[in-house]
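Scroll down for the structure; my scribbles are underneath it.
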Amino acid sequence: YGSRTVIHWEDIGTRNAFQVLQRYQRAGVTTFNDDIQGTSAAVVAAVLGALRQPGVRPLDEQRVLFFGAGQANIGAADLLVRALVKGGLSEAEARRRIFLVDSKGLVTDDREDLNANKRRFAQIRPDGLSSGDGLQAAVAAVAPTALVGAASGPGAFDRKVVEELCRHSERPIVLALSNPLSKAECSAADAY
């Protein structure tokens, strides 16, 4: 179609999406994966917008737990690392502030089942946290200041999870991104 055409696509499985995107980018094709790049732009914009609110910690003090480790959250985690680096942190320090939870629990460096995209965000397993422990245990263990959901886990951000999150931040950031609403981790009313 020519070099002036933008190829927009989404809904390619996580296993292939990053490879396909990078292959076309390396070939010079103007391409955009909405799941990876669109969601990441929305998440980072929401986090940066939240920083303007009283009581929300500055970006360099944020610790973000992503519930779900698919292409949307990994793309958002990548872009957030870039924002943290731009804000003055080293890449290693920025990555230490990002946590992923997948269907098997917190993504930790002692797990052998991780693909390359998850492995980049694997953390040292916190003391007292077992493999497969749920979201509330992960929030308690890593003390995040922000919680981002893109796992289509309806009700995952329940009262106990949000209360645990509030123990670690006066004014945490809660982003429940899954849609439709019936798949959202929580509603705004639930979070309040």
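The values are calculated or read from the model by the stated rules, or taken from the named source; none is laboratory data. These figures come from a predicted structure and were not determined experimentally. FYI the Cβ positions are ideal-geometry reconstructions off the backbone, even for glycines, and counts take in every protein chain you see. Ligands, DNA and RNA are stripped out before the accessible areas are found, and what is left, the full protein with its side chains, is counted by its heavy atoms. Shrake-Rupley method; radii C 1.70, N 1.55, O 1.52, S 1.80 Å.
Quickly run through the range 11-69 and pick out the residues that are surrounded by 13 or more Cβ atoms within 10 Å (Cβ to Cβ), part of a helix (DSSP H, G or I) and either among the aromatic types (F, W, Y) or touching a residue at least 60 places away in the same chain (Cβ under 8 Å) (or both). Once the filter is applied, which keeps residues that are surrounded by 13 or more Cβ atoms within 10 Å (Cβ to Cβ), part of a helix (DSSP H, G or I) and either among the aromatic types (F, W, Y) or touching a residue at least 60 places away in the same chain (Cβ under 8 Å) (or both), the range 11-69 yields T14, F18, Y24, T39, A42, V43, A46, V47, A50. Against the numbered list (1) open to solvent by 70 Å² or more (accessible area, probe 1.4 Å); (2) within 27 Å of R52 (Cα to Cα); (3) in contact with a Lys or Arg (Cβ under 8 Å, 6 or more places away or on another chain), P144 comes up short only at (1). Taking the stated definitions as given, is A76 in contact with a strand residue (DSSP E or B) (Cβ under 8 Å, 6 or more places away or on another chain), surrounded by fewer than 18 Cβ atoms within 10 Å (Cβ to Cβ) and not charged (D, E, K, R)? No.
Set side by side, the residues L181, L165 differ, and just one is of a type in the set (A, V, I, L, M) and crowded, with 16+ Cβ neighbours inside 10 Å, which is L165.
Yes/no per residue for (1) more than 23 Å from S178 (Cβ to Cβ); (2) open to solvent by 70 Å² or more (accessible area, probe 1.4 Å); (3) modelled with pLDDT of 95 or more; (4) in a strand (DSSP E or B):
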position	(1), (2), (3), (4)
L84	yes, no, yes, no
G88	yes, no, yes, no
E93	yes, no, yes, no
V101	no, no, yes, yes
F121	no, no, yes, no
S131	yes, yes, no, no
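Scanning the range 105-138 for residues that are within 18 Å of A94 (Cα to Cα) and either touching a residue at least 24 places away in the same chain (Cβ under 8 Å) or touching a Pro at 6+ places or on another chain (Cβ under 6 Å) (or both) yields L106, V107, N117, K118, R120, F121, Q123.
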